[in-house]
Amino acid sequence: MASRKRKGTASAASKQIATQDARRTRFGTYFPHLFAYAHSFTDDDAKARSIVVESFTRVLALSNAMSDEEFPLALFGIAREICHRTGAQGVEAENGLNSREREVVALVFDAQLSRTQIASLLRLTDGDVASVLLRGLRKLRAAMTPTRAPAFFRLT
């Protein structure tokens, strides 16, 4: 009977280690993208870190059994809700982007989510996401004058 208890304890410990490893892997994978996304809303390192920590804490409390497809949607959905709740509406810039365009651009380039994931997160169609992204990128390109564009974008 003691042998069975040891096997059960070893099995439970093994599962716990596997869960911790999976959490570390997900944290390492998504932290940079989530931080960039939160930072695009706050323009403050400390606030962005706080949003990241709260987002991970809340999503990991939901379930350990989330699939690789469900996890980023839950994570960025929670981060998006926190950003909106705290009043972080996006870094204002002289680029003329509205809030929807800023959010889609941030989800594509900062969060590195696919159009399908963004459509699911924002409850839009893939086509709507594509058109909002295209409109936002056109506005950004138009806002980049030769003197304001980064050196690597300037034509010589």
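Observations, loosely collected:
- Alpha-carbon centroid distance for the pair the stretch 9-88 / the stretch 101-127, whole angstrom: 18
- Extension gain for the segment ALA36 to THR86, taken as residue separation times 0.36 nm less the Cα-Cα distance, is 16.3 nm to one decimal.
- Qualifying trypsin sites (Lys or Arg not before Pro) in the stretch 27-71, DSSP loop, other Cβ atoms within 10 Å at most 13: none
- Computed over Cα pairs, the Kirkwood radius of the stretch 18-148 leads via Stokes-Einstein (0.692 mPa s, 37 °C) to a diffusion coefficient of 214 µm² per second.
- Ordered by the count of other Cβ atoms within 10 Å of each Cβ, fewest first, LEU137, LEU75, LEU62 give LEU62, LEU137, LEU75.
- Applying the criteria of a DSSP loop state and at most 14 other Cβ atoms within 10 Å to the trypsin sites (Lys or Arg not before Pro) of the stretch 94-147 yields ARG123.
- This ranking places TYR37, TYR30 by how few other beta-carbon atoms lie within 10 Å of each, fewest first, which gives TYR30, TYR37.
Just so you know, all these numbers are worked out from the coordinates, no wet-lab data involved. This is a predicted model, so every value here is computed, not measured. Heads up, the Cβs are rebuilt from the backbone with ideal geometry, glycines too, and the neighbour counts pull from every protein chain shown.
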